[in-house]
Amino acid sequence: MTKTFLSSATLAAAVLAATPAFAADTTTIERGRYLATVGDCIACHTAPGGKPMAGGLALSSPLGPIYSTNITPSKVHGIGNYTLQQFSDALRHGKRADGANLYPAMPYTEYAKTTDEDIAALYAYFMQGVEPVDSTPAQQTALPFPFNIRASLGVWNALFHDATPYKADASQTPEWNRGAYLSQGLAHCTTCHTPRTALMAADNKRSLGGGDVAGWYAPNITSDATSGIASWTEEQLVQYMSGLPVPGKGPAAGPMAEAIDHSLKHLTPEDLKAIAVYIKSVPAVADGKLTQAADSFGQAKDDLDSIRGTELPKDFNAMTGAQIYDGYCASCHQVQGQGSDGDGLPALFHNTSLGHANSNNLVQVLLHGIHRVGTDSVMPGFAHELSDTQITTLGNYLLASYGNPAAKVTAPQVAQLRDPAKAGADATLLTLARVGMAVGVLVVLALLGWWLVRRRKA
């Protein structure tokens with residue numbers, strides 16, 4: 001279905017509106033709805049069982065959970081009192097209406113690329129197309145010191161945030177520029193797929209080279225032949241983003257499955273194609289951890305002979321990988337790991353989830369399964385049935401049999417990923433911040449002491 005949008009001139013007029021009371025026409029509101037879908041706002045701002053956009057979802061971070069806020073037009077708990085300028089400041093500068101800094105778990109670092117016209121349409125949608133939810137305020141985020149001091153984010157923004165809207169590249173086609181605008185902006189691909197520095201800033205020299213998100217690995221999606229997605233065609237990328245299986249590549253899971261179900265599969269074919277065109281053009285980033293492409297590992301194989309006639313051990317933690325596979329996996333993925341195309345169950349070989357050097361996604365899927373919005377569970381999780389030892393044994397068996405044999409699963413890794421609240425925990429950033437602040441205080445004291453000495457001598 002082709003969507004009809006207002007001209008830039010008409011939308012620009014909406015930008016002049018400075019109060020929440022301005023009235024927008026249906027076309028502008030629907031454009032804003034589409035843009036909010038591109039931005040996947042509902043995924044983060046809707047808690048399980050909660051009302052749309054009412055906030056309260058705990059977003060895992062290296063420092064602890066960050067709770068999403070109510071972004072309905074509620075004047076009690078939401079953003080109903082925001083002016084267009086305040087709304088724009090939130091998206092582009094990470095500033096709340098009261099001037100406090102937002103945590104960059106809200107991807108304002110990417111939303112900043114959005115044009116004034118599109119921000120005006122988003123504002124129209126959130127003010128007039130979203131149902132206000134007044135009932136319950138979202139839980140407050142309480143990060144450890146010094147990150148509980150939101151003013152400190154002003155320094156982070158000054159160092160790492162570029163609030164400049166997207167500027168078209170005249171040397172590229174309109175389709176490429178549309179894809180770049182969406183990917184770098186509202187679709188915020190870099191938020192997950194770009195590695196982070198020690199201070200959690202995007203490492204732009206390795207843009208889209210692979211990142212960590214709440215205990216999941218967001219793969220390298222650059223054009224590198226081994227580490228990236230050079231073997232994917234534009235058509236396959238569109239198919240994947242549309243929520244359809246791509247044989248020989250593996251299914252989407254975790255945050256990527258959510259992004260597809262809430263956002264990408266609802267985009268127009270033209271926009272999906274533009275994103276694919278842009279992504280395929282991203283300069284290659286090699287990580288040196290793979291000897292071949294992640295989707296090229298493995299082949300059909302079974303180890304039934306090794307367990308035939310063998311009793312299960314009394315201690316289930318002593319079960320072999322083949323025994324666990326036979327008991328929990330073979331009924332769906334088949335004896336040789338070949339899956340079932342008719343039932344949409346993927347093969348385990350030539351499966352990207354088992355081909356990456358980072359095995360987090362495999363462990364996450366074994367523990368928590370694969371869930372898709374609006375459908376039954378694609379794959380159940382076994383966190384309540386299998387111990388850390390069993391998951392470790394099964395994971396290493398799958399990697400050795402069907403995936404990247406150089407990748408490994410460890411018991412501490414399984415223990416951490418078992419608890420979603422701890423999955424993305426990392427004490428390194430907190431330690432660095434506290435050490436940095438201590439050094440800063442010492443420097444200030446040293447300068448103050450030097451100044452006092454100079455004053456006495458004067």
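Below is a table of values for the structure above.
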read-out	value
Surface per residue (accessible, 1.4 Å probe) for the range 22-166, Å²	42 Å²
Accessible surface of the range 141-224, 1.4 Å probe, proportion on carbon and sulfur as whole %	60 percent
Backbone N under 17 Å from the T291 label point (7 Å along Cα→Cβ), restricted to the range 396-420	399-408
Distance in nm between pseudo-label sites at T27 and T83 (7 Å out along the Cβ direction from Cα)	2.8 nm
Kirkwood hydrodynamic radius of the range 194-285, from inverse mean 1/r over distinct Cα pairs, in Å	13.8 Å
Charge dipole of the range 116-217 about the Cα centre (unit charges at C-beta), most positive-ward option of V133, L143, Q172	L143
Those trypsin sites (Lys or Arg not before Pro) in the range 273-312 that DSSP places in a loop and that have at most 11 other beta carbons within 10 Å	R308
In nm, spacing of pseudo-spin labels at S171 and D98 (7 Å Cα→C-beta vector)	4.7 nm
Only Lys, Arg (+1) and Asp, Glu (-1) charged, at Cβ; the range 192-349 dipole about Cα centre in debye	460 debye
Extension gain (nm, one decimal) between T310 and K408, 0.36 nm per residue minus Cα-Cα	32.6 nm
Under 17 Å from the A198 label point (7 Å along Cα→beta-carbon), backbone N, the range 128-169	146, 156, 160
Cα gyration tensor shape for the range 92-162, rounded if a/c is under 1.5, else prolate or oblate	oblate
Protection proxy ranking of 401-411, 313-323 - average other beta-carbon atoms within 10 Å, highest first	401-411, 313-323
Projected label distance in nm at D162 and E235, using a 7 Å step from Cα toward the beta-carbon	3.5 nm
Placed amide H near V213: partners under 5 Å, 5+ positions off or other chain	A218
FRET efficiency estimate (nearest 0.05) - Cβ-Cβ, A415 to A284, R0 25 angstrom	0.10
Carbon + sulfur, % of accessible area of the range 250-374 - ligands and nucleic acids excluded, 1.4 Å	51 percent
Highest to lowest packing among 237-247, 112-122, scored as the average C-beta count within 10 Å	112-122, 237-247
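The values are calculated or read from the model by the stated rules, or taken from the named source; none is laboratory data. Predicted, not measured: the structure shown is a model, and the values here were computed from it. With ideal geometry, Cβ positions are generated from the backbone for all residues, glycine too; neighbour counts draw on all protein chains shown. Side chains included, ligands, DNA and RNA excluded: accessible areas come from the protein's heavy atoms. Shrake-Rupley method; radii C 1.70, N 1.55, O 1.52, S 1.80 Å.
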